[in-house]
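Reading through the structure tokens given below for one structure.
The values are calculated or read from the model by the stated rules, or taken from the named source; none is laboratory data. Given the structure is predicted, the values throughout are model-derived calculations rather than measurements. Cβ placement follows ideal geometry from the backbone for every residue including glycine, while neighbour counts extend to all protein chains displayed.
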Amino acid sequence: MAKRGGFPGGMSMPGGMNNLMKQAQRMQRQMEENQKALESKEFTANAGGGAVSITMTGKKEITKVVLAPEAVDPDDIETLQDMIMAAANEALKQVDDANNEAMSKATGGMNLGGLPF
């Protein structure tokens, strides 16, 4: 008589699916906790040798922009704009790097291929 259910060849994984689901839920909780912690952190980036400084939260909200007086030259607005853009992009990169690191820790380095958790 053929055995019903399980894997072909009579191999079975007792509690395997339940363990997998528990592990996935634990991983999701850890990622959510990491995300909350990241959102409360602040990241600061500078450009132009410190002439421009931008602080951003882990939610990618800019909370502070500091311009050194020597960075404000009415005859050279383009350089100031470039420094602001460079500092903002660097702060965004810091947030993304921290997020990727937190995700990697939560997933044990597994590549989840864009799964939603």
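For the reader, a short list of remarks on this structure follows.
- Every residue from the stretch 48-62 that is outside any strand (DSSP E or B), crowded, with 19+ Cβ neighbours inside 10 Å and within 16 Å of the chain's Cα centre (by Cα): Gly58
- Tally, over the stretch 68-110, of residues that are buried (at least 16 other Cβ atoms within 10 Å of the Cβ) and without any contact (Cβ under 8 Å) to a residue 24 or more places away in the chain: 1
- Condition check for Ala45: modelled with pLDDT under 85, surrounded by 12 or more Cβ atoms within 10 Å (Cβ to Cβ) and in contact with a helix residue (DSSP H, G or I) (Cβ under 9 Å, 6 or more places away or on another chain): no
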